[in-house]
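Structure first, commentary second.
The values are calculated or read from the model by the stated rules, or taken from the named source; none is laboratory data. Small disclaimer: the values here were computed from a predicted structure and weren't measured. When we count neighbours, we look across all protein chains shown, and the Cβ atoms used for this are built from the backbone with ideal geometry, even at glycine. SASA here: full protein model, heavy atoms, side chains in, ligands and nucleic acids out. Shrake-Rupley method; radii C 1.70, N 1.55, O 1.52, S 1.80 Å.
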Amino acid sequence: MSARPGVVYLVGAGPGDPGLMTALSLELIATADAIFYDRLIPPGALDGAREEAELVYVGKQPGVPSVPQEEIGERLIEAARAGRSVVRLKGGDPFVFGRGGEEGEALREAGVEFEVVPGVTAGVAATAYAGIPVTHRDDASAVAFVTGHEDPLKEESAIDWPALARFPGTLVFYMGVKRLAQNAESLIAAGRDPDEPAAAIERGTWPGQRTVAATLGTIAAAVEREAVKAPALIVVGGVARRREQLAWLERRPLHGRRVVVTRARAQASGFAATLRALGAEVVELPAIRIEPRIDSEEVKRLAGGVGAYDLICLTSPNGGRLLFEAMEAARLDTRALAGVTVAAIGPGTARALAERGVLADVVPERFVAEGLIEALEDEELTGTRVLVARAAEARDVLPDALRERGAEVDVVALYETVREQPGEEEIEAAQSADYLTFTSSSTVTNLAEALGDRFPTDARIVSIGPITSETIRARGLEVDVEAESHDIDGLLKALLADAT
Ligand code: SAH
């Protein structure tokens, strides 16, 4: 659904895990003219916004002056009246302790049309990620969402402690850390059992989510001792004990491990997503960037003549993709390769080719240049014309070996890998990494040079294969794990085997 001009959308962004954003929220973010967002929205939540969209931060931070609530309302009204489509993006659900009700009222009063897009509220999400079902047939047939921190301007407490003490079910306190000791005391004084299980869930669904378990009588001391900070939920009820059986987040194989991914940003996302799905906290520290040489006349000329080769060897997925781009620039499609034998260095490269409708004729068992040479052993190469399409800085093993066997070899550099300077924040996060993953020699060399003496030497080093390992050792570093299969799946397997 596209955001309509003149309409304000009160949108919930969920509790923090980007995967818990609704499809509707993403569609509206992608189409809105203006987005007014809060502090506790998921990382990357605004990545899909239009380039021209106005992004306005109106969040509240404890102890920092913020945009007053009336002003937020006024600005929403103003933007909508100017004919813009407006998303008001809030953490969790907009109508659960999100002041979405007030904003809706202000909009209605001003005659501005609005819609509400619910989000996954922390009260059910953080609890679920902590392995605590808010209801359970044996423990709780009701659940109450309670604010643990009331509006300080209210004269009388709106919280009816005796009623909450009698409430036959789970109590979930939002904003409950600061006043936890008082609130727990009030509940006990009103008759709730101090031995009832309780838990505090910090940063639920975010990387580094933490749960502290105690009882109603001891939860305040436990939270103080463990220095639990907002955002956190406090859960009171028998269901809190179910966690002993139901905790699942912590059981994921890479839970609590910080893993650095050094691949080029454009290629890192799939690998990073897989690592995250296994519970890892991923730090993306791209050491290299792929610079296509697609415009160069040489590439065009070679691409124009691809059909004249007997064999084309592609030594990386990038090479595969870029060859097709070069061919397209020369107004050629896959038909130009009809009579050509195509060799891919590994399954990733073969996949990149398959995406363009070309099935590789040769894929070696070992995904290095030497493996490709072995795989070509049975081909008669004397007098054949071979094109090796690869990175500018690649090793010469393959062309040399092919020439030795009598082939006439052209080498085309389709791209260069150039150094990328990783961000400061990422470098900082990498300092406490458990694993550094290297997928090529160039990632090793460039990361080492980019980081200098801030290279995280305590992390275990995982290498994709022998060539990369050699480069690592040449830098005086130790290879802790080397993949058996020299591709991303192999790297992942090796990392998992080491971590579990
Ligand atoms: N509208 C939001 C709540 C905003 S009030 C929602 O529906 O979730 C802010 C409070 O929500 C925090 O003080 C905390 O108690 C809770 N909260 C929000 N995100 C949380 C998270 N990821 N983990 C634990 N508690 C969270």
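Scan region 356-394 residue by residue and report those that are within 16 Å of LEU302 (Cβ to Cβ) and open to solvent by 40 Å² or more (accessible area, probe 1.4 Å). Result: ARG385, single match. Annotation: of all residues in region 256-274 being open to solvent by less than 40 Å² (accessible area, probe 1.4 Å) and touching a Phe, Trp or Tyr at 6+ places or on another chain (Cβ under 9 Å), the one that is farthest from SER440 (Cα to Cα) is VAL259.
Sort out which residues of region 106-151 are acidic (Asp, Glu) and within 21 Å of ALA3 (Cβ to Cβ), and write them in order of number. First the steps, then the outcome.
Filtering region 106-151 down to residues acidic (Asp, Glu) leaves 109, 113, 115, 138-139, 150-151.
Listed by number, the residues that qualify are GLU113, GLU115.
Taking region 449-465 as the range and being surrounded by 15 or more Cβ atoms within 10 Å (Cβ to Cβ) and assigned to a helix (DSSP H, G or I) as the test, the residues that pass are ALA450, LEU451. Considering region 342-355, the residues that are free of Cβ contacts under 8 Å to residues at least 60 places away in the same chain and of a type in the set (Gly, Ala, Ser) include one that is most open to solvent (accessible area, probe 1.4 Å), namely ALA354. How many residues are crowded, with 20+ Cβ neighbours inside 10 Å and without any contact (Cβ under 8 Å) to a residue 60 or more places away in the chain if we restrict to region 322-341? The qualifying residues number 3.
Taken residue by residue, region 166-188 has no member that is surrounded by fewer than 23 Cβ atoms within 10 Å (Cβ to Cβ), small (Gly, Ala, Ser), touching a strand residue (DSSP E or B) at 6+ places or on another chain (Cβ under 9 Å) and within 30 Å of LEU278 (Cα to Cα).
Region 256-350 holds no helices (runs of 4 or more DSSP H) entirely within its bounds that carry 3 or more residues that are among the acidic types (Asp, Glu) and in contact with a helix residue (DSSP H, G or I) (Cβ under 6 Å, 6 or more places away or on another chain). Look at region 109-128: where a residue is more than 9 Å from the ligand (Cβ to nearest atom) and a partner is at pLDDT 95 or above and among the polar types (S, T, N, Q), sitting 6+ places away or on another chain with Cβ atoms under 7 Å, you get VAL117/THR22; VAL117/SER25. Scoring ALA214 on the criteria (1) open to solvent by less than 40 Å² (accessible area, probe 1.4 Å); (2) within 15 Å of the ligand (Cβ to nearest atom) leaves a single failure, condition (2).
Total residues in region 179-207 satisfying the condition of being within 29 Å of HIS255 (Cβ to Cβ), in contact (Cβ under 8 Å) with a residue 40 or more places away in the chain and either within 7 Å of the ligand (Cβ to nearest atom) or among the basic types (Lys, Arg) (or both): the figure is 5. In region 26-44, the residue that is most open to solvent (accessible area, probe 1.4 Å) out of those that are within 13 Å of the ligand (Cβ to nearest atom) and more than 22 Å from GLU74 (Cα to Cα) is PRO43. Pairing residues of region 166-178 that are over 20 Å from ALA142 (Cα atoms) and aliphatic (A, V, I, L, M) with residues that are more than 7 Å from the ligand (Cβ to nearest atom) and open to solvent by 10 Å² or more (accessible area, probe 1.4 Å), at Cβ distances under 6 Å and at least 6 apart in sequence or on separate chains, gives MET175/THR147; MET175/HIS149. With respect to the stated conditions, VAL397 is of a type in the set (A, V, I, L, M) and open to solvent by 40 Å² or more (accessible area, probe 1.4 Å).
Suppose the filter is more than 13 Å from the ligand (Cβ to nearest atom), open to solvent by less than 60 Å² (accessible area, probe 1.4 Å), at positive phi and at pLDDT below 95; does GLY83 pass it? Break it down into steps so the answer makes sense when it comes.
Values: more than 13 Å from the ligand (Cβ to nearest atom): yes; open to solvent by less than 60 Å² (accessible area, probe 1.4 Å): yes; at positive phi: yes; at pLDDT below 95: no.
So GLY83 does not fit the description; no.
Go through the residues of region 62-71 one by one and say whether even a single one is away from the ligand (no atom under 14 Å from the Cβ), β-branched (Val, Ile, Thr), open to solvent by less than 20 Å² (accessible area, probe 1.4 Å) and farther than 22 Å from GLU27 by Cβ. No: zero hits.
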